[in-house]
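Take a look at the structure set out below.
The values are calculated or read from the model by the stated rules, or taken from the named source; none is laboratory data. Worth saying up front: this structure is predicted, and the values here are computed from it rather than measured. Neighbour counts are summed over all protein chains in view; Cβ atoms, including those assigned to glycine, are modelled from backbone coordinates with ideal geometry. Note: accessible area is taken over every heavy atom of the protein model, side chains too, but ligands, DNA and RNA are not part of it. Shrake-Rupley method; radii C 1.70, N 1.55, O 1.52, S 1.80 Å.
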Amino acid sequence: MSLKRLNIRGISYSQTQNGAYALVLKEVDGSRQLPIVIGAFEAQSIAIALEKELSPPRPLTHDLFKSFAQRFSITVKQVIIHKLVDGVFYSSLICERDKIEEIIDARTSDAIALAVRFKAPVFTYENILEEAGIQQHIKPDKELEMGELDSEEMMDELISTATKEANDYGKFSLTELKKMLSDAVSNENYELAAQIRDEISKR
């Protein structure tokens, strides 16, 4: 199966899942786009990495992974989105250390966040593009789809949203917080889960 290289087209609000975002990847030398639903934390992490002039005061999880990998001379060479099952994309990190390659399974959102940081190319297979790709004419960057934000606005929105969520837990009851914690863990949004857990511990 032939591999197709993808570039990040942008991040927009998901029209199908509340509180989620759609990471839009576009094939190089083609017009198909691959939308992937990701969580707010992953969207924030990717947006920060794309906005080169901005950096968080403390390392995000993906920044920590990069620092850890570099300390031990591990490089992420490429990311391959290799499988699509029931609407869920599966990805692999192709890593290298001492000229030895290792393949590591990863959530696609995490894989893309790391690919941006390592400046690693992203690929998928032709059959995945055929199944999930959207064929459309690409508008110039300044003509964004409704609900889509440019990188600076998206950055501000994601950061302010994360801050607002962190500061607003006091208005929820303990029962509501436990339900939110369960949902966050189910969605593998562990950063959010940690914030909610800390609020529960304060009670």
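Numbers for the structure displayed
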item: Every pair of residues 6+ apart whose Cβ atoms lie under 7 Å, when the first sits in the stretch 64-85 and is over 30 Å from E131 (Cα atoms) while the second is open to solvent by less than 80 Å² (accessible area, probe 1.4 Å) and basic (K, R); result: K66/R117
item: Hey, A111 modelled with pLDDT of 95 or more, of a type outside the set (F, W, Y) and out of contact with any helix residue (DSSP H, G or I) (no Cβ under 9 Å at 6 or more places or on another chain) or not; result: yes
item: Inter-residue pairs, beta-carbon under 9 Å, first within 14 Å of Q44 (Cα to Cα) and acidic (D, E) and in the stretch 157-183, second surrounded by 10 or more Cβ atoms within 10 Å (Cβ to Cβ) and modelled with pLDDT under 75, 6+ apart; result: E157/L149; E165/L192; E165/Q195
item: Enumeration of residues in the stretch 94-119 that are surrounded by fewer than 18 Cβ atoms within 10 Å (Cβ to Cβ), at negative phi and not hydrophobic (A, V, I, L, M, F, W, C); result: E96, R97, E101, E102, D105, R107
item: Boolean, K52 is modelled with pLDDT of 90 or more and within 17 Å of the chain's Cα centre (by Cα); result: no
item: Residue check for Q44: closer than 28 Å to L129 by Cβ, open to solvent by 80 Å² or more (accessible area, probe 1.4 Å) and at pLDDT below 90; result: no
item: Output for the stretch 159-187, where each listed residue is surrounded by 14 or more Cβ atoms within 10 Å (Cβ to Cβ) and modelled with pLDDT under 65; result: I159, T161, A162, E165, A166
item: Within the stretch 188-203, considering residues that are open to solvent by 90 Å² or more (accessible area, probe 1.4 Å) and modelled with pLDDT under 70, the one nearest to Y21 (Cα to Cα); result: Y190
item: Conditions (1) in contact (Cβ under 8 Å) with a residue 12 or more places away in the chain; (2) more than 22 Å from I48 (Cα to Cα): number failed by I103; result: (1)
